[in-house]
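Everything on this sheet refers to the single structure shown next.
The values are calculated or read from the model by the stated rules, or taken from the named source; none is laboratory data. Please read all numbers here as calculations on a predicted model, not as lab measurements. Note that each Cβ is placed from the backbone with ideal geometry, even for glycine, and that neighbours are counted across all protein chains shown. SASA here: full protein model, heavy atoms, side chains in, ligands and nucleic acids out. Shrake-Rupley method; radii C 1.70, N 1.55, O 1.52, S 1.80 Å.
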Amino acid sequence: MSILTGRRSVRRRSDGRRRRGPHGAPPGHGSRRGLRDRAGLPVLTGAGRFVAAHAVDSLGTGLMFAFTVVYLTHATRLSLAEIGAALTLGNLLALPTPALGGTLMDRFGPKAVVAVANLVCAAGFAAFLVVGSAWQISLAYFVVQAGVNLYWTAARNLVPLAGVPGEERLWFGFISSLRNLGIGAGAAVSAVALALFGADSAYMLIAANAGTFLCAALLFITWKPARGPDMPNPSEGRGGPAGRASWGALLRDGRYLLLVTANLAFVLAQMVPPVLLAVYVTETLRAGTWIPGTLLVVNTAAVAVLTPAVTRRSARHRPHRAIAGGFLVGAASFALFAAPLAWQGAPGWAVATVLTAAMLLFTLSEILSSPALNELSVTLAPTEANGRHQAAFQLSWSIGGAAAPAVLTTLLSRQPALPWLFLASLSVLAVPAAHALAPADREEPQP
């Protein structure tokens, strides 16, 4: 009797093992994990509010992404030149805010700073509802841009708190994809609203935008991270000098300053779509006016759809290799962008084909470089001075974004090939800088 019972017991345990998935997981767990891996998604368990906050924030950003000037021309009696100057002044006034954000982050943590940043953005867009003069536009836009700079100074440091250690790059890739989808959806809603209800609907879009920032702030405030800010992260390779948080420690951290410099080259390249593309295609090449918009759709859609899967594959390698590869692909894209200059009188379909190929390479460069650069911005910063290091990293975005319009348009006005030569050269020079970011142990992780 005991023998038979023992056999039945063994059989039940054996059957139990067969009914469970890999590593003792419940049935179907392995297939779900395999699907997630193929899609390039990180583990999202417990990060619902964090993901929702990014989705709501990006949706609001998309609502006024391309229509801020349209709203201001309707809401005020100012000329386009006056509106442009007022917006530029507001942007310039907000340039130092990453330094404030870094100091606040070192004191209060990234979650608090991100929540406050969303509240600041909400206040800035609410102020747009009552602007009427140039100085009021500058003040409102300063508040908005201050909030944006505060947000991005701290937001990258939320990623290690949200996910499984070692998945930082996957998270950055996923967030990039999510934000592109949100911005695209917001822009589509704005376009439909303006087409159906006219310019008066811009008031409702501004109010809705302010509301999305309030909602995002609430989601960030109530989100409970999976990891505390002081918990060790085994995936991090802190390379900066240890010690108390100070700006001096940042200035002595040569490796992090090299990362900031490499990111500045990346930022200048990323200004091609908003600054250079339309004027180059329509004014310099005299190509179809439909081409710039189509290329922007290609870029947005490709980043949204392809980033998670490509990032999953590139995450098999150290981030400096992905960054270097991205810069090389970017240099090739700039060469293709300039190629139609050598084919005067080429048919329109040929120009469109070359520019589409250039945009696809440009997009691949962005997908390879951006998550890896963001990953290093977090993992190379010492825990004691993370805020100040993030401030320096965000400052490269602020400075690059402010300088790009003047630099790229001036070069284009001098010689149409110059901006592409400048960007290609900058990308090639950034490759050895990216390799210099490699840790002392050069051994690649296994796929």
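For this structure, a couple of remarks:
- Solvent exposure ordering (accessible area, 1.4 Å, most first) of Arg316, Arg252, Arg321, Arg77: Arg77, Arg252, Arg321, Arg316
- Ordering of 190-203, 360-373, 258-271, 291-304 by burial proxy (mean other Cβ atoms within 10 Å per residue, highest first): 360-373, 258-271, 291-304, 190-203
- Efficiency of FRET between Arg414 and Lys224 - r from beta-carbon atoms, R0 41 angstrom, step 0.05: 0.15
- Phe220, Phe125, ranked by accessible area, largest first (probe 1.4 Å): Phe125, Phe220
- Accessible area per residue was computed with a 1.4 Å probe on protein heavy atoms; Thr353 scores about 80 Å².
- Cα gyration tensor shape of the range 177-229, rounded if a/c is under 1.5, else prolate or oblate by comparing a/b with b/c: oblate
- Relative to the compact-globule estimate of 2.2 N^0.38 Å, the Cα radius of gyration of the range 354-447 comes out at 1.34.
- Protection proxy ranking of 93-103, 79-89 - average other beta-carbon atoms within 10 Å, highest first: 93-103, 79-89
- Per residue solvent-accessible surface (Å²) - the range 117-227, probe of 1.4 Å: 37
- Summary of the geometry: the range 142-209 and the range 309-357, compared by the centres of their Cα atoms, lie 26 Å apart.
- Cα centroids of the range 54-111 and the range 365-383: 24 Å apart.
- Length-normalised contact order for the range 97-191 - Cα pairs under 8 Å, 6+ apart - percent: 32
- Theoretical gain in end-to-end length, Val43 to Trp349 [0.36 nm per residue, Cα-Cα removed]: 105.8 nm
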